[in-house]
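Structure, as structure tokens:
The values are calculated or read from the model by the stated rules, or taken from the named source; none is laboratory data. Just so we're clear, the structure is a prediction, and the values are computed from it rather than from any experiment. Cβ placement follows ideal geometry from the backbone for every residue including glycine, while neighbour counts extend to all protein chains displayed. Surface areas here come from the heavy atoms of the whole protein model, side chains and all, with no ligands, DNA or RNA. Shrake-Rupley method; radii C 1.70, N 1.55, O 1.52, S 1.80 Å.
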Amino acid sequence: MNQPSPSSDHQQAIEIARTAVTEKKLSDSAFTNLQKWLTEPQYASYQPAILKLIESKEFGTLDTYFWEVIPFGTGGRRGLMSDFGSATINERTIAESAHGLAVYFQKAAGSKTGKAAIAHDSRINSERFARIAATVMAAHGLTVYFYKTPRSTPELSFAVRHLGCDVGAMITASHNPPSDNGFKAYWSTGGQVLPPHDQGIIDEVYQATEIPSVDFDEAVKQGLIKFIDEDVASVYRSSVAAHSHSNCRDLSGFFTPLHGVGETSVYHVLQQVGFKQVLRFEPQCEQNGNFPNVPDQLPNPERTEVYQPAIELARKTGAEIILASDPDADRMGVCAKNDAGEFVHLTGNQVGALLADYVLRKRQENGTLTPRHYVVETIVTTPLIGAIARKANVRIINNLLVGFKYIAETMDEEGPDEFVFGTEESLGYLAGTYCRDKDAAIAALWACELAAELKTEGKTLLNRLDELYIEHGYHLEGQVSKTCKGSQGNEQIKQLMKAFRGTPPQKLGNLTFTLVRDYQNLEIRALPENTPSETFSKPKGNVLMFEAKGEGSSLTVQLGVRPSGTEPKIKFYYFAQAEVADPAQLAKTRDEALSTIEGFKASLMDWIDQTLQTG
């Protein structure tokens, strides 16, 4: 297609932007994308606003808006919202995402017809973006099943499967700040898109010019868009409730959706199965994309801070457990009381180990477990779950890259009927075959059942965790990260990955690194020489896993390094292990591990800062 020549105003703006690149005020990638938006007709409606920013020399804002074409990462396309820009979530990038999904599906299927399910959470602009996605897909000839009210991500995955849809889309940015939103793409399995589909979709996104659309209300009248809501959601909740393994219900606590949609799934499931003493934490129940009553307005249940308002009330009322789901209710966090009556925030690894142990014990008791059954986890999830699975004589599949879509893929490859439990360290859990994405509701159900059963024995979740440590060895895991925003931050992440890969630290704190498993190059290298000693075949991804020994210590430690696929961060995962024989040794080992890891983390962050300064 012949493109019209840019006007003199546009050409002048392009030259101003080119000069900004020379003066290091604008990145090369931002200039490339900016030039496209200024010269191609599909972006005509945005060009006056872009010209105004260039005229005002707001190059920092322009770089933020254009430094990349927002990619499909671990959890779809996600990022800062703005009125326009290739690097942000806006009406155009949402329309492109829906267009790319529809066109790619039709090419892959060899058909112009098909069905799509669409849902959205309660974030700012989520409903508007969902309606845009629906009108684009309907314009392409797909019949769209559209959730009338805000719903959770697992409810979308369930709807894709339940309604026999070919594709699905969820508008959410998970636990990101209020400024963000996103687009998650799903395939007919109900799982998020995987290779080669993800690249096929993004190729269509890159090639998008004029995008067809229809009027939403007119499409509803014509039956191109069909509303769904409680008719599907109630079946979903019953599918979750069917996985109950206990009748114990004597448990008091609070559940908070952190101003998201978790009440539609988590809370209703708990009420349906009879946990009447688990109450809503009212200050954080209103669906509100600004997350006003969440500390720092950061609704991530991995953050201990988000529980503090609920903990204050729980102390007054004698509640025994606090549950929190993130805004799209696919992640679930837990705070439990210790023997001193104080609330302790459990990590995703700890919750995953407790739930794996719970379901395996229950299925052993009812005779529904065989050596063909399996548990799935990612490479950055606790080894404790593998030990628990092996003790229960079931398979453990633990060589997956980060992203719950890989757990979903494994379910279908290995056979969903033999799937017992899947988990990842970032508070993601799933059981059963009703959907193919992590689900806070099933995790909350089992966490409450386990806590209620333990209560009958005079124990808590933390007591059970200690029992697992004595049986399988003490495990301490955690994560730290460094946020690196925009084009400059992206370069910093690349710089750090290059340094960790090529010139890794020999020692951090009192830990000396002995080898690294490089998942990008598919090789194991001995340290400090950093020379290859062994190769392996999969999985392939931009992840490094280091092994270390502590001086004069029984601890073994691993460090995982990877760029986040959903946030502008580089993440560092640590795993410490040691054998313990009894409660007394457990206490001593725990103190030693905590001290070692604190020193290691401080040394790690120092090394990162020095590397960036000298790079």
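Provide the net charge surrounding P371, with neighbours chosen by a C-beta distance below 12 Å and charges set as Lys +1, Arg +1, Asp -1, Glu -1. Please list the in-between numbers first.
Details: positive: R372, R390, R395; negative: E418.
Here the count lands on +2.
Where does helix 230-241 land angle-wise versus the long Cα axis of the chain, in degrees 0 to 90, nearest 10?
It is inclined by approximately 30 degrees.
So, in nm, how far is label T317 from label I16 when the simple model puts each one 7 Å beyond its Cα toward the Cβ?
The answer from the label model is 5.7 nm.
Provide the packing ranking of 37-47, 313-323, i.e. peptides ordered by the mean count of other C-beta atoms within 10 Å per residue, highest first. Please report the intermediate quantities before stating the final value.
Numbers: 37-47: 15.9, 313-323: 18.5.
Ranking the peptides 37-47, 313-323 by packing returns 313-323, 37-47.
Among 342-351, 544-553, how do they line up from the highest to the lowest mean number of other beta-carbon atoms within 10 Å? Walk me through the numbers on the way to the answer.
Numbers: 342-351: 20.7, 544-553: 17.6.
Highest mean packing first, the order is 342-351, 544-553.
Only bridges whose two residues both fall in the chain count here: according to DSSP, what percent of them are antiparallel, nearest 5?
Values: 64 of 94 bridges.
Given both bridge residues lie in the chain, the antiparallel proportion sits at roughly 70 percent.
May I ask you to derive the FRET efficiency for N366 and L194 from their Cβ-Cβ distance with R0 = 30 Å, giving the value to the nearest 0.05? List each step's numbers first, then the result.
Working: r = 33 Å, r/R0 = 1.11.
Approximately 0.35, to the nearest 0.05.
Over the chain, what relative contact order in percent results from Cα pairs under 8 Å that are six or more residues apart? Could the numbers behind the result be given before it?
Working: 1291 pairs, mean separation 67.7, N = 615.
Reported relative contact order: 11 percent.
In a shell of Cβ-Cβ distance under 9 Å around I397, excluding I397 itself, what net charge do Lys and Arg (+1) and Asp and Glu (-1) give?
-1
Between Q308 and D591, what FRET efficiency comes out of the Förster formula 1/(1 + (r/R0)^6) with R0 = 41 Å and r the beta carbon distance, rounded to 0.05? Don't skip to the end; give the middle numbers.
On the way: r = 25 Å, r/R0 = 0.62.
Rounded to the nearest 0.05, the efficiency is 0.95.
Using DSSP, restrict attention to beta bridges with both residues in the stretch 88-191 and report what percent are antiparallel, rounded to the nearest 5.
The antiparallel fraction comes to roughly 35 percent.
Of the DSSP beta bridges with both residues in the stretch 166-313, give the percent that are antiparallel, rounding to the nearest 5.
Details: 6 of 9 bridges.
Percentage antiparallel, nearest 5: 65.
By how many nm would the segment from K226 to I470 lengthen if fully extended, with 0.36 nm per residue of separation less the alpha-carbon distance? The partial results should precede the final answer.
Numbers: separation 244, 0.36 × 244 = 87.84 nm, distance 5.42 nm.
Contour length minus the Cα-Cα distance gives 82.4 nm.
FRET efficiency for K24 and N542, Cβ-Cβ distance as r, R0 = 45 Å, nearest 0.05? Please report the intermediate quantities before stating the final value.
Details: r = 27 Å, r/R0 = 0.60.
Computed FRET efficiency for K24 and N542: 0.95.
Mind ranking 234-240, 380-386, 195-201 by how tightly packed they are, going by the mean number of other C-beta atoms within 10 angstrom, highest first?
On the way: 234-240: 19.4, 380-386: 24.4, 195-201: 16.4.
Ranked by mean Cβ neighbours within 10 Å, highest first: 380-386, 234-240, 195-201.
What residues of the stretch 219-262 lie in the reach of a label at R280, counting those whose backbone N is under 14 Å from a point 7 Å from the Cα along Cα→Cβ?
Taking a point 7 Å out along Cα→Cβ of R280, the residues of the stretch 219-262 whose backbone N falls under 14 Å are 254-262.
Can you give me the angle between helix 440-456 and the longest principal axis of the chain, using Cα atoms only, in degrees from 0 to 90, rounded to the nearest 10?
Tilt relative to the chain: about 10 degrees.
With every protein chain left in place and a probe of 1.4 Å, what is the accessible surface of C285, to the nearest 10 Å²?
10 Å²
Points 7 angstrom from Cα along the Cβ direction at I124 and D339: gap in nanometres?
According to this spin-label approximation, the distance is 4.8 nm.
Identify which of the listed values of Cα Rg over 2.2 N^0.38 Å was calculated from the structure shown: (i) 0.98; (ii) 1.46; (iii) 0.93.
(i)
What is the spin-label model distance, in nm, from L163 to N399 if the labels are put 7 Å beyond Cα along the C-beta direction?
Spacing of the two 7 Å Cα→Cβ label points: 3.9 nm.
Whole number in Å², please: accessible area per residue of the chain, 1.4 Å probe, ligands, DNA and RNA not counted.
Working: 23560 Å² over 615 residues.
Roughly 38 Å² per residue, with all protein chains present.
For K226, list the aspartates and glutamates whose Cα falls under 16 Å from its own Cα; do not include residues on the same chain fewer than 8 positions away.
Excluding near neighbours in sequence, the set is E127, D166, D215, D217, E218.
Cross-link partners among aspartates and glutamates for K485, C-alpha distance below 15 Å, same-chain residues fewer than 8 apart left out?
D63, E68, D180, E567
Local charge sum around L476 (other residues, Cβ-Cβ under 12 Å, Lys/Arg +1, Asp/Glu -1)?
Values: positive: R590, K601; negative: E477, D591, E592, E598.
Charge balance near L476 sits at -2.
Given the pairs K316/K459; K337/K549; K337/K482; K498/K601; K148/K184; K52/K148, which are separated by over 26 angstrom at their Cα positions? Intermediate values should be presented prior to the final figure.
Values: K316/K459 21 Å; K337/K549 33 Å; K337/K482 31 Å; K498/K601 20 Å; K148/K184 18 Å; K52/K148 38 Å.
Pairs exceeding the cut-off: K337/K549; K337/K482; K52/K148.
Kindly sort D203, D606 by accessible area of their heavy atoms, largest first, with the probe set to 1.4 Å. Intermediate results must be reported in sequence, preceding the final value.
On the way: D203 60, D606 85 Å².
I get D606, D203, largest accessible area first.
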